[in-house]
Amino acid sequence: MRELAVKPTKVIEIDPSSPKTEYILEAARVIKEGGLVIFPTETVYGLGADALNSLAVRKIFYVKNRPLDNPLIVHISNLDQLEILSSDLSEDVCRLAEKFWPGPLTVIIRKSEKVPDEVSAGLETIAVRMPAHPVALKLIELSETPIAAPSANPAGRPSPTSGEHVKRDMMGKVDVIIDSGETLFGVESTIIDMTRNLPVLLRPGALPVEEVQRMLNKEIIIPESARGLIEASEAIAPGMKYRHYAPSKPLHVVETRDYGNLERYSLEVFKHVKGLIDKGVKVVLLSTVETTQYYRGVKTLNLGSRKNLFEVARNLYKLLREIDELDIDIAVSEGFEEKGLGLTIMNRLRKASGYNIITIN
Ligand code: AMP
Ligand code: MG
């Protein structure tokens, strides 16, 4: 693997509110030369390479230890690049692009011959989005090429939502890390497959699927795998068959079908946690502003308020990482109603738990 060895990592700090072109230019040069750059987006940090350079793209898989059959998302900064990547754009795809880009929506479309097979993991389709982060947009523009970038974490681990996370995970493995502090949404983009008869949600993300549904005025199919309930077994979204977002310690998710009576629900969660503690297991509970009062004597981490799921989604990966630093044996998390960002949060929690789900009535 000698040809894949990378140079020492250069960290460039860039203030996202006034990004200096000269600093981003340095990173863009690295992309043009086939190197790897970690950059901020409004969702999570990405590990980027020139999407049209197959050797550069291969390095991404190597550095992340990512299975080769898990395709990447291609990031663009203008719509001309979309035409390079795909030769047949549907009217619906153009409407989505106009309404939601730049922003956290990824569309799956048929790919053109210019896109190397490595990017799409051999599929005839590719995932594309235009990120809404000034540094990401400027980097793509100055690189003069679309940038293929998965989340910048080692495969299977929680995605990085801050410069600190990427420095901890990736120093010495990439050419450049652009540190622009914390990302806005803290969860990945929403992925919709637009190559089928009806749109299919492959991954719920930072853009609530209901908003896409309203705009298209069409049913969007939500398979069980998008809810994080089962693993996808074949090609439509190959990435979904791997364990994802996981802390190294065990995680249980305690769910209910009805979050209407939070006091009753919390008492059931408490019973589960107490059962573990009584066996001598050290537990931390991921709870919410509304429920923490019911867990006296239990160590808790605050996910945020149930009235502000944006905040919960934004805190999620940070807390999943924190679990590994604590002196505990098992983490338990509360569940959320699968509406809006609640669907996204549940997808991540269920997968992070390795489907270790306890449902109470
Ligand atoms: P990540 O970069 O970690 O957010 O992963 C990118 C996600 O995009 C993975 O879950 C892939 O399964 C998905 N993806 C990328 N390209 C395709 C494609 N052509 N078809 C279906 N899913 C895709
Ligand atoms: Mg990822």
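Every read-out reported here was derived from the displayed coordinates using simple, explicitly stated rules and does not represent laboratory data. As the structure is a computational prediction, the values presented were derived from the model and not from experiment. We place every Cβ from the backbone using ideal geometry, glycine too, and count neighbours over all the protein chains shown.
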So, relative contact order of the chain in percent, Cα under 8 Å, 6 or more apart, is 19 percent
quick note, the chain, DSSP beta bridge pairs, % antiparallel (nearest 5) is 35 percent
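With viscosity set to 0.692 mPa s at 37 °C, what whole-number translational diffusion coefficient in µm²/s follows for segment 116-262 from Stokes-Einstein and a Kirkwood radius over Cα pairs? All intermediate terms of the calculation are to be shown ahead of the outcome.
On the way: Rh = 17.8 Å.
The Stokes-Einstein estimate is 184 µm²/s.
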Ranking Val119, Val57, Met171 by how far each Cα lies towards the positive end of the charge dipole of the chain (+1 on Lys and Arg Cβ, -1 on Asp and Glu Cβ), the top one is Met171
Simple spin-label estimate for Arg227/Asn65, 7 Å along Cα→Cβ, in nm, reads 3.3 nm
On the formula 1/(1 + (r/R0)^6), with r taken between the Cβ atoms of Glu22 and Asp278 and R0 of 56 Å, the FRET efficiency rounded to 0.05 is 0.40
Taking the chain and counting helices only, DSSP H stretches of n ≥ 4 at -39,500 (n - 2.57) each over all residues, the nearest-500 ellipticity at 222 nm comes to -9500 deg cm²/dmol
Looking only at lysines whose Cα falls under 17 Å of Lys271's and that sit 8 or more positions away or on another chain, we get Lys279, Lys282, Lys299
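Jot down the per residue volume, in cubic angstrom and as a whole number, of the convex hull over the alpha-carbon atoms of segment 252-329.
Hull volume normalised by residue count: 89 Å³.
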Here the FRET efficiency for Asp258 versus Glu141, based on Cβ atoms and R0 = 56 Å and rounded to 0.05, is 0.70
Nearest-0.05 FRET efficiency for Asn217 and Val289 at R0 = 25 Å, using Cβ-Cβ distance, is 0.10
re the chain: pairs of Cα atoms spaced beyond 37 Å account for a percent value of 19 percent
Taking 42-54, 12-24, 189-201 and ranking on average Cβ neighbours within 10 Å, highest first, one gets 42-54, 189-201, 12-24
The answer for Gly340, listing residues at least 5 apart or on another chain whose modeled amide H is closer than 5 Å to its amide H, is Glu210
Extend 7 Å from the Cα of Asn308 along its Cα-to-C-beta direction; within segment 327-361, residues with backbone N under 20 Å of that point are 334-337, 339-346
Per segment 79-160, sqrt(5λ) over the Cα gyration tensor eigenvalues, sorted largest first, in Å, gives 20, 17, 13
Zone reached by a paramagnetic label modelled 7 Å from Lys339 Cα along Cα→Cβ, restricted to segment 186-205 with backbone N below 20 Å, covers 204-205
